[in-house]
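In what follows, a structure is listed as structure tokens, so that the remarks can point back to it.
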């Protein structure tokens, strides 16, 4: 199974986990999923950043000879389950709802959108593009197996692998004010901080997007910058706010109730 050379500075156990993760990921798609975050390979996401180049270079990963799933970026986190919301891999069946939401003034006033309304063929192209993206991850959000929203995150990449950007959350208007968005972002950040070992998450929102700001600040984001007249919304210029959420804040506010495993001491360097 270990058919590639060992990288400089890479431990043998990391290499073994990396190869195991690649084979298991291919074998589990597209129908497989995890039922709890603790079932995700402990280092899978951190290692995914290291093996993306290998995945692109080797079109066939499974012994069966079938091609690897082109949406490895989109399925980086598998399925994430909150108390009422489930974040899952998006499918083409979700795109008609995406387009309808992006055209809804109630969604647009909320402060976050993912692309502009378009024909279904254009949405399929957008899904294919984000599936190939090395850093951006898209999840659809379900409530009781019914699509109710989406969220987008950008991973920091090789130079900032411990930082992420929370790019947005959209909840369908009929499903708003039921706690779905709050549950979804809490489950997502539990995944980001406890499983990706993220150091900091940042977000940028319009200053008049009160619902988005309230959601982020209740979670633990704090404001650190303001851009004057950056956005154009509904015929007027509005300011833009930058916020950040540190792991120390997560540990203090949420870890006692949300952590699924006990943190162990760092392993000794080999």
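The values are calculated or read from the model by the stated rules, or taken from the named source; none is laboratory data. Since we're looking at a predicted model, the values are computed, not measured. Heads up, the Cβs are rebuilt from the backbone with ideal geometry, glycines too, and the neighbour counts pull from every protein chain shown.
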For the stretch 80-99, give me the residue count where each residue is part of a loop (DSSP other than H, G, I, E, B) and either more than 14 Å from residue 138 (Cβ to Cβ) or out of contact with any strand residue (DSSP E or B) (no Cβ under 6 Å at 6 or more places or on another chain) (or both). 6
Among the residues of the stretch 179-189, what is the count of those that are without any contact (Cβ under 8 Å) to a residue 40 or more places away in the chain, touching a strand residue (DSSP E or B) at 6+ places or on another chain (Cβ under 8 Å) and over 11 Å from residue 86 (Cα atoms)? 0
Are any residues in the stretch 218-235 surrounded by 13 or more Cβ atoms within 10 Å (Cβ to Cβ) and at pLDDT below 95, and if so, which ones? 227, 230, 231, 233
Scanning the stretch 155-194 residue by residue, those within 18 Å of residue 78 (Cβ to Cβ) and part of a strand (DSSP E or B) turn out to be 155, 164
Could you list, in sequence order, all residues of the stretch 195-218 that are part of a strand (DSSP E or B) and within 19 Å of the chain's Cα centre (by Cα)? 200, 201, 202, 203, 204, 205
Pairs with Cβ under 7 Å, 6+ apart, first in the stretch 204-216 and within 13 Å of residue 245 (Cβ to Cβ), second modelled with pLDDT of 95 or more and surrounded by fewer than 18 Cβ atoms within 10 Å (Cβ to Cβ): 204/242
Residue that is modelled with the highest pLDDT, among those in the stretch 156-177 that are farther than 24 Å from residue 101 by Cβ and either surrounded by fewer than 16 Cβ atoms within 10 Å (Cβ to Cβ) or touching a helix residue (DSSP H, G or I) at 6+ places or on another chain (Cβ under 9 Å) (or both): 162
I'd like the full set of residues that are at pLDDT 80 or above and over 20 Å from the mean Cα position of the chain (by Cα), limited to the stretch 249-270. 252, 253, 256, 257
Determine which single condition residue 125 fails, assuming it passes every other condition in (1) without any contact (Cβ under 8 Å) to a residue 40 or more places away in the chain; (2) crowded, with 18+ Cβ neighbours inside 10 Å. (2)
